[in-house]
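Engineer: Have a look at this one before I ask anything.
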Amino acid sequence: MPEELVLQLQGIGKSFFGTTVLRNVNLSVKPGEIHALVGENGAGKSTLMNILFGMPVIKDTGGFEGQVVFDGNAVKMESPRQAMELGIGMVHQEFMLLPGFTATENIKLNREITTKNPVSAIFGKDFEKLDIKHMREDSRAAISKLGLSIEDWVTVAGLPVGYKQFIEIAREIDKKNVKLLVLDEPTAVLTETEADKLLDAMKKLAASGIAMLFITHRLDEVLAVADNITILRDGEVVASMPRADAKVERIAEIMVGRSIERTALPKRVKEPTDDDVIVTINDLRVNMIGENVKGVDLRIRRGEILGIGGLAGHGKVGIANGVMGLFGSSGTVTKDGRTIKLNNPYEALSSKMAFVSEDRRGTGLLLEDTIELNMAMTAMQVQNRYLRPGLFNPLRLADPKAIREYALKMIEDLDIRCTGPTQQVRRLSGGNQQKVCLARAFALEPELMWVSEPTRGIDVGAKELVLDELVNLNRSLGMTIVMTSSELAELRKICDRIAIVYEGRVAGVLSPEASDVEFGMMMAGETLKGKGVKVQ
Amino acid sequence: MVGNRLETVPSQRKQGKLSGIFAQFGVPIFFTVLCVASIIVSDLDINYLIGELLSRLGRNLFIVLSLLIPVTAGIGLNFGIVVGAMSGQIALIIITFLQLKGLLGFVTAMAVSVPISVLFGYIVGSIFNKAKGREMITGMIMGFFANGVYQLLFLMLIGTLIPVNMNSPVAQQIMLSNGVGLRNTIDLSNIYYSLDNVFAKLFNWNGIIWTDSLGPWRVPLGAFFMSLLLCILITFLMKTKLGQNFRAIGQDMAIAEVSGIKVDKVRITAVIYSTVLAAWGQLIFLQNLGSLNTFNAHEQVGMFSVAALLVGGASVKRANIWNAIAGVLLFHTLFVVSPLAGQKLFGEPQIGEWFRQLISYSVIAVALAMHAIQNRKR
């Protein structure tokens, strides 16, 4: 019966600039149902959500085909406001929180509780005073509904991502009329414990009758909470099934369209040893809010793949950012016996090191520029490559032919899904943007590559490709790679050694074959004597 | 990790307190030192300085305060207040033609300026919405453009398209003798000091309770009262829904839009407020001066107000009432003192004046550069 459905998508189609990204998508969600939507990056999930939420980007690029039926009525989704009024809540992949506002102010953004006063009696509702007390009560209620205790009157800016994600969700469930909650990869930035809490919270919410569309890459999560599963591939629904029929392997297989196999890593001619160290880090301190590094000592062997793991907020991400000069740092970093000046990205880049940032939209890419320019930019800047010959380096012009050649090669090697090398990077999906970042780092032909969270927000297939490419570079070119990742599994898959960071220091270096218990203990700081687990 | 808490952040960054204070109040501290030094060098009579400052504070504070709302709303320093100042002057010219006097004249001018400045504010705000992220330069250029229109109106159209009875005594006083265009200077003795000494006039029962002089100084109580009222209004506004909207769009327009705040509308509202307040601020300024420099009085308003606010320690993103007050005091102390200091040090008042200009413009330049740098960091 159609009136029992909260949401029905009928024959949705959408194309951007001639590329079809969605074709005849059908989907329906019942009240209180958790409906998982899985698919590779670039499969069209984000676009589908943008349509559902009436994001301006859809309207600006020519609207969409098909029909959205919400609560039994066909609706034209024209603005986020309309979607909100209908009762659709959205938890975005990128945080939609105002950094300078407190948690409460963010949760209550544009739905503030106000009290009347003489001025508002004359000049209207806009002049009603904010009722901070009741706003805080509501936010605390929403936060505790998620089974958490976060201080509700702290500014969001300095908080770790986990907190932000929960505040974002608290905001959506605080909306009284919310019937459908869309969660766009909510667990992508969370640690496992945080993710577990989120899943619990989702189940609780579903029990209270709120339907949920859950987009994720983590298939075990899908199986843990979803009632029904829809799988998208290349803009089409390729399968949909109830949870009872689903298995991780099967979903993964349908999603990627090819089976995933694990192979042993190829052997090297000469294994890296402590006798041949490429980079030595002594007492590195990095001032990166939320990821402070407080005195890291590390020796990186030439030719190895070194993993850096640890929980969010303990500083693993800060190490690469500090060495590459993106955040204020102190200490000494020596490469091949030469001390590298810190706080100077140019210096770091010109010492044959490259960096793939975890923040690809912020520091990794020039979003408004083309794929090819993004790939060649750093090499042009630092190494004067991809430039036409000329008398003075600063006056030399770009060499479009060489750039195009490299871009085409990389698009093919890394399987970047795009309309061509001149497409704007902003238009690419997350996974493809990440590949452009990698291509840019490769262009430097570095001896040492720092890669931070290379697979964050990337689907299974692309993940494999990225990891394979890293292994390939390491084995064929002998490039040393330092990979920072929140996903222990992938570190264990390709790394030779894994350094675990705890509270801004290296707690220890483990072999990838070490047991789960060893990794778990070290990440929780159990090996650090006298340092109990502190709770804020 | 324990219980229902999320992982703790390994202790947050703690900065040295002193350097934090300097980062925030560096500019005002620098200017205070400069002012004190200039006062010592110029050997100025302190009574004279205080008198000057009181009158200048009353004269200028209101218009500087009119900059606060756009800063909060993320529009930056609204150089478009020049347009507001012009609407104030248009209202003044109208009441001069109507020969309204005293407080009645002043209040009428305030009332007349409202529809004019609301209209102009709407136009400026709409253009700002088309030029998001470049509001400051847009506002500045719009001020120049509006100046052209203003000159067209009062040099060409008045007396031709707008008929003026040249036989009336008012017209003979303020129109050019050939009957087209206004004179360069218009005498405002009709409303001279009409606001500043309003208390002394209205409540002077026994000549004791209300007076506009305090010891040796003449205090523009009326203007102070208006500024105080505006401070209260702004403080109140920031605690309302509208104020929250201003703050929200000031941080991130995209996020505010997604939360359903009508960003463009709120931005226009902010600019309209600013423009109306600037019009009133210009009226307060001119009733204190007593004469209107028809074609130039508004020209420097934007620059000076912005400079004063920045000198008070504000930035493009953050400004409050105290920045405005401190800024007006410091900026105008330099105004008064620097020519004298130049005279004493170099025997040439122009050098002091040059020095003051150099410093105030470099403050603007530095503030804008800092803003650009901070933006890029993010």
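Engineer: Note down the relative contact order for the range B:238-368 as a percent, whole number, built from C-alpha pairs under 8 angstrom at least six residues apart. Each step should come with its number before you reach the end.
Structural biologist: On the way: 92 pairs, mean separation 19.7, N = 131.
With pairs under 8 Å counted, the relative contact order is 15 percent.
Engineer: Return the average number of partner chain Cβ atoms within 10 angstrom of each residue Cβ along peptide B:246-253.
Structural biologist: Values: counts 0, 4, 8, 1, 2, 6, 6, 0.
Going residue by residue through B:246-253 and averaging, the value is 3.
Engineer: Does the range A:414-470 come out rounded, prolate or oblate, given a ≥ b ≥ c as the square roots of the eigenvalues of its C-alpha gyration tensor, rounded meaning a/c under 1.5 and, failing that, prolate meaning a/b above b/c?
Structural biologist: Oblate is the answer for the range A:414-470, as a/c is 1.5 or above yet b/c matches or exceeds a/b.
Engineer: I've got another one for you. Springs between alpha-carbon pairs under 10 angstrom, Gaussian network model over chain B: which of B:ASN190, B:ASN178, B:ASN296 fluctuates most?
Structural biologist: B:ASN178
Engineer: Per residue and in cubic angstrom, what volume does the convex hull of the Cα atoms of chain A have?
Structural biologist: Details: hull volume 97.4 nm³, N = 536.
About 182 Å³ per residue, rounded to a whole number.
Engineer: Enter the mean number of other protein chain beta carbons within 10 Å of the beta carbon of each residue in A:104-111, as an integer.
Structural biologist: Working: counts 0, 3, 3, 0, 2, 9, 11, 2.
Mean inter-chain Cβ contacts per residue within 10 Å come to 4.
Engineer: Separate question: What is the distance, in nm, between label points placed 7 Å from the Cα along the Cα-to-Cβ direction at B:LEU104 and at B:SER19?
Structural biologist: 6.4
Engineer: Name the long-range amide H neighbours of A:GLU185: under 5 Å, sequence gap of 5 or more, or other chain; modelled H, no Pro or chain starts.
Structural biologist: HN-HN under 5 Å from A:GLU185: A:ILE215, A:THR216.
Engineer: A further question follows. So how do B:CYS35, A:CYS495 line up by other beta-carbon neighbours within 10 Å, fewest first? Intermediate results must be reported in sequence, preceding the final value.
Structural biologist: Working: B:CYS35 21, A:CYS495 25.
The fewest-first ordering by Cβ neighbours comes to B:CYS35, A:CYS495.
Engineer: With a bin width of 10 angstrom, please list the P(r) values of the range A:2-256 as percents of all Cα-Cα pairs, from the 0 bin to the one holding the largest distance.
Structural biologist: 7, 29, 34, 21, 7, 1, 0
Engineer: Separate question: Find the eigenvalues of the gyration tensor of the Cα atoms of the range B:271-378, then list the square roots of 5 times those eigenvalues as equivalent ellipsoid semi-axes, largest first, in whole angstrom. Don't jump to the answer; show the numbers that get you there.
Structural biologist: Details: eigenvalues 124, 99, 28 Å².
Listed largest to smallest, the semi-axes of the range B:271-378 are 25, 22, 12 Å.
Engineer: How far is helix B:349-377 tilted, in degrees, relative to the longest principal axis of the Cα atoms in chain B, given as a value from 0 to 90 rounded to the nearest 10?
Structural biologist: Helix B:349-377 and the main axis of chain B meet at about 40 degrees.
Engineer: Hey, what do the phi angles of the range A:281-287 turn into as Karplus ³J(HN,Hα) couplings, whole Hz, using 6.51/-1.76/1.60 and θ = phi - 60°, x for Gly and Pro?
Structural biologist: Coupling constants for the range A:281-287: 10, 10, 6, 6, 10, 10, 9 Hz.
Engineer: Oh, and also: How would you order A:140-151, A:166-177, A:102-113 from highest to lowest mean count of nearby Cβ atoms within 10 Å? It would help to have the intermediate numbers written out before the result.
Structural biologist: Values: A:140-151: 17.8, A:166-177: 20.7, A:102-113: 22.2.
The most tightly packed comes first, giving A:102-113, A:166-177, A:140-151.
Engineer: What is the helix-to-structure angle for B:17-42, meaning the angle in degrees between its Cα long axis and the longest Cα principal axis of chain B, kept from 0 to 90 and rounded to the nearest 10?
Structural biologist: The helix B:17-42 is inclined about 30 degrees to chain B.
Engineer: Looking only at B:PRO169, B:PRO70, B:PRO339, which one moves most when chain B is put into a Gaussian network model with springs between Cα atoms under 10 Å?
Structural biologist: B:PRO169
Engineer: Which whole-Hz couplings ³J(HN,Hα) result when phi for each residue of the range A:66-81 is put into the Karplus expression 6.51 cos²θ - 1.76 cosθ + 1.60, θ = phi - 60°, listed in order with x for Gly and Pro?
Structural biologist: After applying 6.51 cos²θ - 1.76 cosθ + 1.60, I find x, 9, 10, 10, 10, 6, x, 10, 6, 10, 9, 7, 10, 8, x, 4 Hz.
Engineer: Counting each pair of different Cα atoms once, what's the Kirkwood radius of the range A:367-445 in Å, rounded to one decimal? Don't skip to the end; give the middle numbers.
Structural biologist: Details: mean 1/r = 0.0796 Å⁻¹.
Mean inverse Cα-Cα distance, inverted, gives 12.6 Å.
Engineer: For a quick check: with amide H placed at 1.01 Å from N, whose amide H comes under 5 Å from A:VAL21's, ignoring anything fewer than 5 positions away on the same chain?
Structural biologist: The answer is A:LYS14, A:SER15, A:PHE16.
Engineer: Oh, and also: Within a 10 angstrom radius of each residue's Cβ in A:126-139, how many Cβ atoms of other chains show up on average? Whole number is fine. Could the numbers behind the result be given before it?
Structural biologist: Details: counts 9, 7, 4, 6, 6, 0, 1, 0, 0, 0, 0, 0, 0, 0.
Mean partner shielding for this stretch: 2.
Engineer: Using the structure shown, list the pairs from A:LYS45/A:LYS175; A:LYS145/A:LYS203; A:LYS30/A:LYS164; A:LYS352/A:LYS493; B:LYS132/B:LYS317; A:LYS108/A:LYS179 with a Cα-Cα distance above 20 Å, or answer none. Let's see the in-between values first.
Structural biologist: Numbers: A:LYS45/A:LYS175 24 Å; A:LYS145/A:LYS203 11 Å; A:LYS30/A:LYS164 28 Å; A:LYS352/A:LYS493 26 Å; B:LYS132/B:LYS317 15 Å; A:LYS108/A:LYS179 18 Å.
Correct reply: A:LYS45/A:LYS175; A:LYS30/A:LYS164; A:LYS352/A:LYS493.
Engineer: I've got another one for you. Below 8 Å between Cα atoms, with a sequence gap of 6+, how large is the relative contact order for the range A:2-256 in percent?
Structural biologist: Values: 499 pairs, mean separation 71.3, N = 255.
In percent, rounded to a whole number, it is 28.
Engineer: To continue, here is another question. Run the simple label-point estimate for B:PHE203 and B:TRP354 please: 7 Å along Cα→C-beta, distance reported in nm.
Structural biologist: Distance between label points: 4.9 nm.
Engineer: Next question. Would you give the gap between the C-alpha center of the range B:316-378 and the C-alpha center of the range B:255-277, rounded to a whole Å?
Structural biologist: The range B:316-378 and the range B:255-277 have Cα centres spaced 30 Å from each other.
Engineer: Same structure again: Sorting A:TYR346, B:TYR122, B:TYR193 on the 10 Å Cβ count, fewest up front, what's the list? If you can, show how the numbers build up before the last one.
Structural biologist: Working: A:TYR346 11, B:TYR122 15, B:TYR193 22.
With the fewest neighbours first, A:TYR346, B:TYR122, B:TYR193 line up as A:TYR346, B:TYR122, B:TYR193.
Engineer: In whole angstrom, how far apart do the alpha carbon centroids of the range A:446-506 and the range B:67-101 sit?
Structural biologist: 60
Engineer: Next question, about the same structure. Neighbour counts of other C-beta atoms within 10 Å: give me B:TYR273, B:TYR192 arranged from fewest to most. Walk me through the numbers on the way to the answer.
Structural biologist: Details: B:TYR273 26, B:TYR192 18.
Ascending Cβ contact count within 10 Å gives the list B:TYR192, B:TYR273.
Engineer: Over chain A, what relative contact order in percent results from Cα pairs under 8 Å that are six or more residues apart? Before the final figure, lay out the partial values.
Structural biologist: Values: 1082 pairs, mean separation 76.5, N = 536.
Reported as a whole number, the value is 14 percent.
Engineer: What list of ³J(HN,Hα) values in whole Hz, one per residue of the range B:311-328 in order, does the Karplus curve 6.51 cos²θ - 1.76 cosθ + 1.60 (θ = phi - 60°) give from phi, with Gly and Pro shown as x?
Structural biologist: Computed from phi, the couplings for the range B:311-328 are 4, x, x, 6, 10, 5, 9, 9, 8, 9, 4, 5, 4, 5, 5, 4, x, 4 Hz.
Engineer: Once the Cα gyration tensor of chain B is diagonalised, what are the square roots of 5 times its eigenvalues, in whole Å and ordered largest first, as equivalent ellipsoid semi-axes? Present the calculation step by step, with values, prior to reporting the outcome.
Structural biologist: Working: eigenvalues 273, 156, 88 Å².
The three semi-axes for chain B are 37, 28, 21 Å.
Engineer: Right, something else. What percentage of all Cα-Cα pairs in the protein assembly as shown are separated by more than 49 Å?
Structural biologist: Details: 144307 of 417241 pairs.
Value for the protein assembly as shown (Cα pairs over 49 Å): 35 percent.
Engineer: Project the alpha carbons of the range B:286-344 onto their principal axes and report the range along each, largest first, in whole Å.
Structural biologist: Largest to smallest, the principal-axis extents are 34, 33, 17 Å.
Engineer: Also, quick follow-up: Multiplying the sequence separation of B:TRP217 and B:ALA111 by 0.36 nm and subtracting their Cα-Cα distance, what value in nm do you get? Numbers along the way, then the final one.
Structural biologist: Values: separation 106, 0.36 × 106 = 38.16 nm, distance 3.07 nm.
The span from B:TRP217 to B:ALA111 would gain 35.1 nm if fully extended.
Engineer: Restricting attention to the alpha-carbon atoms of the range A:294-381, what are Rg (one decimal) and Dmax (integer), both in Å?
Structural biologist: Both quantities, over Cα of the range A:294-381: 14.2, 39 Å.
Engineer: Would you grab the residues whose amide H sits under 5 Å from the one on A:VAL238? Only those 5+ places off in sequence or on another chain, please, with H modelled 1.01 Å from N.
Structural biologist: The answer is A:ILE231, A:LEU232, A:ARG233.
Engineer: Between the helical axis of B:221-238 and the dominant principal axis of chain B, each derived from Cα atoms, what acute angle in degrees is found, rounded to the nearest 10?
Structural biologist: Approximately 40 degrees, to the nearest 10.
Engineer: Another question, if that's okay. Take chain B, connect every pair of alpha-carbon atoms lying under 10 Å apart with a spring to form a Gaussian network, then pick out the residue of B:SER177, B:SER194, B:SER291 with the largest mean-square fluctuation.
Structural biologist: Comparing B:SER177, B:SER194, B:SER291 in the GNM, the peak value goes to B:SER177.
Values quoted throughout were computed directly from the atomic coordinates according to the rules given, and no laboratory measurement underlies them. In this text, all values refer to a predicted model and were calculated from it rather than measured experimentally. Please note: Cβ atoms are built from the backbone with ideal geometry, for glycine as well, and neighbour counts cover all protein chains shown.
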